[in-house]
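The values are calculated or read from the model by the stated rules, or taken from the named source; none is laboratory data. Computed from a predicted model, the values in this text were never measured in an experiment. Here the Cβ positions follow ideal geometry from the backbone for every residue, glycine too, while neighbour counts run over all protein chains shown. The protein model used for the area step is the full one, side chains on, heavy atoms only, and it has no ligands, DNA or RNA in it. Shrake-Rupley method; radii C 1.70, N 1.55, O 1.52, S 1.80 Å.
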Amino acid sequence: MGLLHDIAIRLKWYWHGQQALRYRNYRLFIIGQLLSLIGTWIQRIAMMWLAYQLTHSAAWLGIVGFCEQIPIFIIAPFAGVFADRWNKQKALARIESLAMLQAAVLGLLTVWKIVNVWHIIALSLFLGTVNAFEVPVRQSFVVEMVNRDKTALVNAIALNSTLFNLSRLIGPSVAGVLIASVGEGWCFFINAISYACVVICVILMQITYDRLQRNGYGMKVLHQLKEGVDYVFHHEQMARLLGLLAIVSFVNASLRTLAPVFAKQILHGGATTFGLLMSASGVGAMTGALYLTNRKTLQTMLRIVSLTGITLAAGMLVFAISHVLWLSLLCMAITGFAQMLHTATTNTLLQIFTTDDKRGRVMSFYTVCLQGTMPFGSLAAGAIGGELGAPWAVGIMGGFCLVGSLWLRHLSAHGASGATNGPENVKPDAAAGLMAHPSEKSSATGQTIRQKAMQWFHLHKN
């Protein structure tokens with residue numbers, strides 16, 4: 001009884017810590033988002049499997065992955081400018097409707113048995129263009145869903161990561177079953193239905209529009225884009241956060257791109273093995289997301305960013321040499337855990353320290369580093385895999401991640417140790433309080449730690 005009581009108390013404390021769920025708009029968002037993300041993962045797995053079945057080529061898998069992500073790299077920075085201008089609720093509903101159309105067309109082509117790899121490439125480019133606008137709009141819209149409550153915003157970002165990785169856990173498993181039972185076409189139709197659900201949820205939101213800050217009307221797009229770039233690079237630590245995120249996302253793309261090859265050629269399985277690999281990655285990522293839903297100190301979050309790149313590299317190197325399913329699944333779980341912790345923590349730090357009038361642009365740069373680097377990772381992994389084999393491709397990518405992570409870790413440590421004074425104009429008490437554990441709020445030691453962490457982050461702010 002004592003154990004059950006303790007578990008009940010802990011669960012109650014955990015639930016009361018989810019501040020974002022107090023807001024109706026955010027509750028609507030997570031309902032639609034969960035359904036949409038599951039559908040997205042189902043389509044993503046089905047599309048990669050269909051492309052491999054049509055081509056039997058690792059290089060073509062890399063090309064398909066490249067086409068899905070390259071529009072984000074090119075368009076997302078400009079989309080961030082419009083995200084700061086637009087009515088985000090209406091924009092998000094329209095963008096999700098376009099994604100629904102893409103999934104329906106791909107489903108029809110597949111069911112009618114007229115689909116070929118060029119259809120997949122064209123529709124991947126279209127979806128990538130849609131996503132280039134969707135991600136910065138959605139990311140910058142979250143703060144409106146919680147009425148600009150920064151404490152709830154931190155929790156909302158962590159919950160978003162939890163949803164993403166819950167869908168990552170569910171989606172590939174469902175996709176494997178659906179591909180084997182009804183075929184890829186119905187996977188695409190299910191994704192189209194999931195997009196319809198998120199559109200309905202967004203329309204039902206009640207946003208207080210007089211609190212929205214839509215900026216930049218009358219200004220040139222390029223001028224606003226340059227303003228956003230200057231804002232990021234005048235915060236040296238913010239630039240380093242984005243740089244490390246770009247490395248992590250670039251190398252991690254090789255795992256998703258070459259997973260069908262490992263499933264079929266290395267582990268001698270099929271669609272079910274492929275689904276298991278992706279689900280193992282989802283389990284690791286889900287574990288990391290749940291870990292972040294409880295508030296962390298800034299010091300802890302900075303350590304997470306510093307160490308997760310190294311952890312990801314280690315997992316990839318072992319995965320590259322594994323020929324047994326259980327070890328491969330363990331490595332996928334470790335890489336999923338590390339990658340999720342890194343991206344969600346980077347998102348949280350950027351959102352907290354970004355002003356509202358530049359939030360869309362900063363989140364567009366986050367999108368470029370997170371998703372815009374993936375096409376190059378997919379293309380590189382496909383090219384290396386086609387020449388040397390999939391294990392060599394993942395091993396080389398893992399080595400690159402290790403070197404890049406250690407180099408940026410050294411730069412950050414050197415910059416922090418070389419400074420004697422923090423910035424004169426930083427007053428981070430409110431932001432530090434967001435991240436503090438309740439027991440630290442009355443602690444002088446905790447306050448000192450938070451101030452040092454904030455000075456480290458803002459060290460080079462001009």
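Quick rundown of the values:
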| quantity | calculated |
| --- | --- |
| Output for the stretch 378-395, where each listed residue is within 23 Å of the chain's Cα centre (by Cα) and modelled with pLDDT of 85 or more | Ala380, Ala381, Ala393, Val394, Gly395 |
| Residues of the stretch 102-126 classified as in a helix (DSSP H, G or I) and open to solvent by 10 Å² or more (accessible area, probe 1.4 Å), total | 14 |
| Out of Thr272, Thr257, sole residue that is open to solvent by 30 Å² or more (accessible area, probe 1.4 Å) and either modelled with pLDDT under 85 or closer than 27 Å to Cys331 by Cβ (or both) | Thr272 |
| Top-ranked residue in the stretch 220-247 [being assigned to a loop (DSSP other than H, G, I, E, B) and touching a residue at least 60 places away in the same chain (Cβ under 8 Å); ranked as surrounded by the fewest Cβ atoms within 10 Å (Cβ to Cβ)] | His234 |
| Residue identified as open to solvent by 20 Å² or more (accessible area, probe 1.4 Å) and at pLDDT 65 or above among Leu11, Leu35 | Leu35 |
| Members of the stretch 53-64 found to be open to solvent by 40 Å² or more (accessible area, probe 1.4 Å) and outside any helix (DSSP H, G or I), listed by number | His56 |
| Failed item, numbered, when Cys67 is tested on (1) modelled with pLDDT under 85; (2) closer than 24 Å to Phe189 by Cα; (3) among the hydrophobic types (A, V, I, L, M, F, W, C); (4) buried (at least 24 other Cβ atoms within 10 Å of the Cβ) | (4) |
| Conditions (1) free of Cβ contacts under 8 Å to residues at least 40 places away in the same chain; (2) open to solvent by 30 Å² or more (accessible area, probe 1.4 Å); number of the one not met by Ala263 | (2) |
| Ala280 under 30 Å from Trp86 (Cβ atoms) and either in contact with a Gly (Cβ under 8 Å, 6 or more places away or on another chain) or among the charged types (D, E, K, R) (or both) | no |
| Near pairs, Cβ below 9 angstrom, 6+ apart or cross-chain, from the stretch 74-96 (outside any helix (DSSP H, G or I)) to any residue that is of a type in the set (Val, Ile, Thr) and open to solvent by less than 30 Å² (accessible area, probe 1.4 Å) | Trp86/Val137; Asn87/Ile207 |
| Pairs where the first residue, in the stretch 299-324, is under 18 Å from Cys401 (Cβ atoms) and modelled with pLDDT under 85 and the second is of a type in the set (A, V, I, L, M, F, W, C) and surrounded by fewer than 20 Cβ atoms within 10 Å (Cβ to Cβ), C-beta under 9 Å, 6+ apart | Ser306/Leu408; Ser306/Ala413 |
| Residue match in the stretch 278-295 (condition: among the hydroxyl-bearing types (Ser, Thr, Tyr) and not in a helix (DSSP H, G or I)) | yes |
| Which numbered condition Met47 misses (of (1) open to solvent by less than 10 Å² (accessible area, probe 1.4 Å); (2) in contact with a helix residue (DSSP H, G or I) (Cβ under 6 Å, 6 or more places away or on another chain)) | (2) |
| Count - residues of the stretch 90-115 that are within 21 Å of the chain's Cα centre (by Cα) and closer than 17 Å to Glu144 by Cβ | 5 |
